[in-house]
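The values are calculated or read from the model by the stated rules, or taken from the named source; none is laboratory data. Because the structure is predicted, anything quoted here is derived from the model rather than measured. Methodologically, a virtual Cβ is constructed for each residue, glycine included, from the backbone with ideal geometry; neighbour enumeration extends over all protein chains shown. The protein model used for the area step is the full one, side chains on, heavy atoms only, and it has no ligands, DNA or RNA in it. Shrake-Rupley method; radii C 1.70, N 1.55, O 1.52, S 1.80 Å.
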Amino acid sequence: MKMIMRWFPFGDDSVTLDQIRQTPGVSGVATCLPKVPVGQVWPLETLKALKKEINEAGLEMEVIESVNIHEDIKKGLSTRDEYIDAYIKTLEHLSLVGVKCLCYNFMPVMDWARSDLAYQTEDGSYVMAYRHDEVLQMNPEKMAKAMEGKARGYSLPGWEPERLYAMAQDIEFYQSMTREQYWNNMKYFLDAVVPYAEKYDIKMAIHPDDPPWPLYGLPKVITNAENIRTFLDLNSNPYNGLTLCTGSLGSDLSNDIPAMMREFGNRKRIHFAHIRNVHHISEKDFDEAAHLSSCGDLNMFAIVEALYESGFEGYIRPDHGRMIWGEQARPGYGLYDRAIGANYLLGLWEAIDKTHKNRK
């Protein structure tokens, strides 16, 4: 297992590589090229320069998060093959700089949704929050403007300005698409790309829908254990796997996260784990929370234990953190709370590891 943290390059992050390097137990970063338009090939020379910067800071660049999938692929349009070819070429370039895992998603139109990026909690910290009725009253453009106002000038992955103008039309397009058609479009992509992922030795790790329920009539499919089984069966190659995000899946109280860790971990299909906690106000209203079990509704010990006992050898990162101690940073991606989270998770892992070894 390797503990890493997400980092945004080219001055788009308040957290420095030196600060990440000084976080005990953290060996690398999950990073990206956010300025490359969706559907275009990621330039090899840019990737080499990024790897050099990260390596010179004493960190690894083995995880990319993410190479976004062009909407034409999700829609199943005739133009999808050219975008799939570009995706495969990007995989080749990633392999040449030593990338081993690619986190991506197949969420239509928008990657994630929140009603507030800086909701103040009782202890004075700020968190990203979701209130279902508020989200339903927003259209994507209103939501984007509301989020942009609290983004502190940082980019919001999945809410890039160039995508906003097409959102209304894209949402309308999906109203006539059946769930079966969407699964078929996903299978088409996997069957085309996964053989190359295996060739280049890059584990494909799909991220769940966030939140894991329908919004604006859009198809949501990576939402629970049953749907994840369906997804994994679309292409049985072990390079077709999961980013198991406890926060996204845990937003639905009916999801048993430790059971998912055991089932899909035992099948060796979890390549990356985003581990964070959530605190529910009601069934579909929640705040993101500190990683500690008692701060939310998820049993973090049981989650980490299940992942450990499955023989997990992939990557873990603390997911979205709170804004604490007066930090001004990209929502969810400050230094302090994520560093605390990383070491809490490493502490759980060490305790579980030593307990299991002492039993032998």
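Coupling constants for region 39-52 follow from the phi torsions by the Karplus curve (6.51 cos²θ - 1.76 cosθ + 1.60, θ = phi - 60°), and in residue order they are x, 9, 6, 6, x, 4, 5, 5, 5, 4, 5, 5, 4, 4 Hz; glycine and proline get x.
The accessible surface of region 2-358, taken with every protein chain in place and a 1.4 Å probe, is 50 percent carbon and sulfur.
What number comes out for the charge environment of Trp183, summing +1 per Lys or Arg and -1 per Asp or Glu over other residues with Cβ under 14 Å away?
Every neighbour counted, the sum reads +1.
Simple spin-label estimate for Leu253 and Asp81 gives 5.0 nm between the two label positions (7 Å along the Cα-to-Cβ direction from each Cα). Full extension of the chain between Asn55 and Arg229 gives 59.0 nm of extra length, using 0.36 nm per residue less the Cα-Cα distance. Once you reduce region 1-73 and region 282-360 to the center of their Cα atoms, the two points are 21 Å from each other. Seen from Trp325, the other residues with C-beta closer than 12 Å to its C-beta sum to a net charge of -2, counting Lys and Arg as +1 and Asp and Glu as -1.
Going down the list Lys268/Lys354; Lys51/Lys74; Lys51/Lys100; Lys48/Lys220; Lys52/Lys268, which pairs span over 25 Å between their C-alpha atoms? Correct reply: Lys51/Lys74; Lys48/Lys220; Lys52/Lys268.
Given the choices (i) 27, 25, 22; (ii) 34, 25, 16; (iii) 39, 24, 18, semi-axes √(5λ) of the Cα gyration tensor in Å derived from the coordinates of this structure is entry (i). Bridge orientation summary for region 2-358: considering DSSP beta bridges with both residues in this region, about 30 percent are antiparallel.
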